[in-house]
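First up is the structure itself, then whatever we jot down about it.
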């Protein structure tokens with residue numbers, strides 16, 4: 001999660017909402033990315049989507065079996081479904097997102113998806129939340 | 001929808017599940033793509049995700065206001081949320097998808113999303129369904 005937080009901070013420096021994601025296979029990081037919506041002018045360029053693409057290219061496979069994903073924020077419905085499609089084993093996320101989250105909030109994607117990862121939320125929650133709050137506070141000022 | 005169907009047929013020739021998508025702004029096609037999951041070895045490479053990325057690059061903007069999307073199959077939760085994030089005005093889709101769909105099936109993303117497009121399903125439904133059925137029939141043989 002430390003590396004995902006670093007990715008979130010880097011996204012913040014690019015002016016993007018600070019969310020970071022890391023994919024791990026057998027204790028080895030195979031992909032890491034931050035949110036690039038603003039940089040790419042693409043609303044689908046969430047950290048998780050970019051990270052899943054990177055991991056698949058790394059393994060040359062569209063299925064990320066036995067892989068875990070660490071994300072600093074509860075994934076939205078788009079990213080939750082992507083995690084399901086990629087057959088990721090475990091999802092660890094930091095801050096909860098009552099507005100845009102799609103895992104334990106909103107449409108709760110995994111209650112309906114064919115593949116559901118193990119889910120652990122609230123990891124480094126305070127730090128992950130603070131990074132987001134600071135970003136939005138700075139933008140309001 | 002005719003062009004989306006052509007994209008679906010091209011995807012089929014590449015060995016990918018035949019789904020196509022087209023994005024239109026003021027009667028002008030600004031993006032069209034087919035499913036490239038297999039070609040790209042990326043489970044997020046659905047026709048809608050690729051098409052939204054193309055349209056955003058075309059307009060150099062992460063918001064596709066006043067744009068409409070035509071898809072040959074009911075979008076899954078990932079693509080439905082992407083359509084919402086892109087603020088697409090209208091979603092026209094062909095075949096219904098009771099197994100993987102996330103619009104009128106499954107987690108019904110737009111019941112929870114901040115932006116909900118106008119939705120019309122069942123356009124050229126028979127043809128869109130046939131293309132999919134033929135693809136899976138051929139793979140079983």
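The table that follows gives values for the structure above.
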{"read-out": "Qualifying positions in the range A:10-65 - touching a residue at least 40 places away in the same chain (Cβ under 8 Å) and touching a helix residue (DSSP H, G or I) at 6+ places or on another chain (Cβ under 6 Å)", "value": "A:12, A:18, A:19, A:20, A:21, A:22, A:23, A:64"}
{"read-out": "Selected residue [touching a residue at least 60 places away in the same chain (Cβ under 8 Å) and either farther than 19 Å from residue B:24 by Cβ or within 8 Å of chain A (Cβ to nearest Cβ) (or both)] from B:132, B:114", "value": "B:132"}
{"read-out": "Complete set of residues in the range B:48-61 that are surrounded by 19 or more Cβ atoms within 10 Å (Cβ to Cβ) and either within 19 Å of residue B:17 (Cα to Cα) or at the interface with another protein chain (Cβ under 7 Å from one of its Cβ atoms) (or both)", "value": "B:48, B:49, B:50, B:51, B:52, B:53, B:56"}
{"read-out": "Odd one out for residue B:93 among (1) assigned to a loop (DSSP other than H, G, I, E, B); (2) more than 10 Å from chain A (Cβ to nearest Cβ)", "value": "(1)"}
{"read-out": "Only one of B:80, B:33, B:45 that is assigned to a strand (DSSP E or B), within 14 Å of chain A (Cβ to nearest Cβ) and buried (at least 20 other Cβ atoms within 10 Å of the Cβ)", "value": "B:33"}
{"read-out": "Subset tally (residues that are touching a strand residue (DSSP E or B) at 6+ places or on another chain (Cβ under 7 Å) and surrounded by fewer than 21 Cβ atoms within 10 Å (Cβ to Cβ)) for the range B:10-23", "value": "1"}
{"read-out": "Condition check for residue B:120: surrounded by fewer than 20 Cβ atoms within 10 Å (Cβ to Cβ), at pLDDT 95 or above and either closer than 16 Å to residue B:16 by Cβ or more than 8 Å from chain A (Cβ to nearest Cβ) (or both)", "value": "yes"}
{"read-out": "Selection within the range B:62-77 - more than 10 Å from residue A:41 (Cα to Cα) and either outside any loop (DSSP other than H, G, I, E, B) or within 7 Å of another protein chain (Cβ to nearest Cβ) (or both)", "value": "B:67, B:68, B:69, B:70, B:71, B:72, B:73, B:76, B:77"}
{"read-out": "Criterion violated by residue B:100 - all others in (1) surrounded by 23 or more Cβ atoms within 10 Å (Cβ to Cβ); (2) touching a strand residue (DSSP E or B) at 6+ places or on another chain (Cβ under 9 Å); (3) within 14 Å of chain A (Cβ to nearest Cβ) satisfied", "value": "(1)"}
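The values are calculated or read from the model by the stated rules, or taken from the named source; none is laboratory data. Everything numeric in this text was worked out from a predicted model, so none of it was measured. No Cβ is skipped: glycine too gets one built from the backbone with ideal geometry, and neighbour counts run over all protein chains shown.
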